[in-house]
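The values are calculated or read from the model by the stated rules, or taken from the named source; none is laboratory data. On a predicted model such as this, the values are computed, not experimentally measured, just so you know. Cβ: placed from backbone, ideal geometry, glycine included. Neighbour counts: every protein chain shown.
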Amino acid sequence: MSDPIRHLTEAGHLGSFFIDGGWRKPDGAERAAIINPATEEVVAEIPLGNGGDVERAVAAARRAFPGWARTRPEERAALLARIHALILERQELFAQAMTCEMGAAITSARQAQVPLAAEHIRVARDNLTNFPFIAQRGATAILKEPIGVCALITPWNWPLYQITAKVSPALAAGCTVVLKPSELSPLNALLFAEIMDEAGCPPGVFNLVQGTGPVVGEALAAHVEVDMVSMTGSTRAGVLVARAAAPTVKRVAQELGGKSPNVVLP
C-alpha cells in the first residue's frame, strides 16, 4: 500500500502519539488539519498534544535513559541497521506522504528526500562502530557519555531528512528522545514511529508527540527533565525555544532559516 493516509488510518495510528513503546491517545481534544498543497484540500486531521502529553513522553524517555545509555555500541548499531532497512523497504510510502502533506514533487521525494534521510541512519550506524567513546590524552582518559533526554523539534520542509538527522546520532550516542515534528507535515513522522516500533526500539527510547511550537515545543524546551534541545526552524521560533530553555541551563542546538521562498508560477 502506498497511500499514507489510508495506511495510517487502517493501522489506527493517525490519531495517536507514540509514547513509551506504544500508541497512546492524546491528552486533549485539539486537532489540526493536514492540507495537500497541490489541491488545497484537507486530507486528514491529527491531534495536537499538550503539557500532559509532554509529561508522559519525557517521563518515559527519562525512565529508559539509564538502560539505553548502558547498551553496547554494537546493540545500538544493530537497531540503526534495522531502521535503515525498513526505511528503504518503505521508500514509496514515505515519498507519497511527503508529496501529500508538504507538496514535494514525487520525483524529488523519491530521489532526494527519502534516500538522503536514510543515509543519516546509515552514517550514524557506521560511525558508531568505531567511535572513540574513551580517548587517552597523555595520562588522562576522556570518556564521552550520552547527555540524557533530547527534545528534537523538526520543520515541515525536509521532514523525514530532519528527523533522521537528529534521531540517528542521538540514539547512537545512547540518548533517549522525544520528537516533535511540524504539525504541517506530520505523516512521515508517524510512519517513522511505526518503523521504530517494528525495529524493536526499547520502550521510552523514542517518543513522538505531535503539536504546535508554542505549546509542545516550548513545554519540551522548558522541561526540567530534558537535557538538550535540537531545533530546526525559523528565527522567531528559535528565540522562543532559547528563552524557554534558559532557566534550566540545558544545551540548545539550533539551525534557523525561514528564508528564500520560491514562487512557482504555472
Only one of (1) closer than 28 Å to Leu14 by Cα; (2) modelled with pLDDT of 95 or more; (3) crowded, with 20+ Cβ neighbours inside 10 Å; (4) not charged (D, E, K, R) does not apply to Gly233, and that is (2)
Mind checking whether some residue in segment 42-56 is part of a loop (DSSP other than H, G, I, E, B) and either free of Cβ contacts under 8 Å to residues at least 60 places away in the same chain or among the hydrophobic types (A, V, I, L, M, F, W, C) (or both)?
yes
Single unsatisfied condition, Trp156 versus (1) crowded, with 20+ Cβ neighbours inside 10 Å; (2) of a type in the set (A, V, I, L, M, F, W, C); (3) under 13 Å from the mean Cα position of the chain (by Cα); (4) not in a strand (DSSP E or B)
(1)
Please determine, by comparing only the residues of segment 188-210 that are charged (D, E, K, R) and more than 13 Å from Arg24 (Cβ to Cβ), which one is surrounded by the fewest Cβ atoms within 10 Å (Cβ to Cβ).
Glu198
Hey, Ala57 hits all of (1) small (Gly, Ala, Ser); (2) buried (at least 18 other Cβ atoms within 10 Å of the Cβ); (3) over 23 Å from Ala151 (Cβ atoms); (4) under 18 Å from the mean Cα position of the chain (by Cα) but one; which does it fall short on?
(3)
Tabulated pairs, segment 132-148, first without any contact (Cβ under 8 Å) to a residue 24 or more places away in the chain, second among the charged types (D, E, K, R), C-beta under 9 angstrom, 6+ apart or interchain:
Pro132/Lys144; Ile134/Lys144; Ala135/Lys144
From Val177, Val264, grab the single residue that is crowded, with 23+ Cβ neighbours inside 10 Å and either in contact with a Phe, Trp or Tyr (Cβ under 6 Å, 6 or more places away or on another chain) or not in a helix (DSSP H, G or I) (or both).
Val177
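For residues that are assigned to a helix (DSSP H, G or I) and of a type in the set (Lys, Arg), scanning just segment 80-127, find the one that is surrounded by the most Cβ atoms within 10 Å (Cβ to Cβ).
Of all residues in segment 80-127, those assigned to a helix (DSSP H, G or I) come to 80-89, 91-102, 106-127.
Adding the requirement that they be of a type in the set (Lys, Arg) leaves 82, 110, 122, 125.
Details: Arg82: 17, Arg110: 18, Arg122: 18, Arg125: 22.
Top of the filtered list is Arg125.
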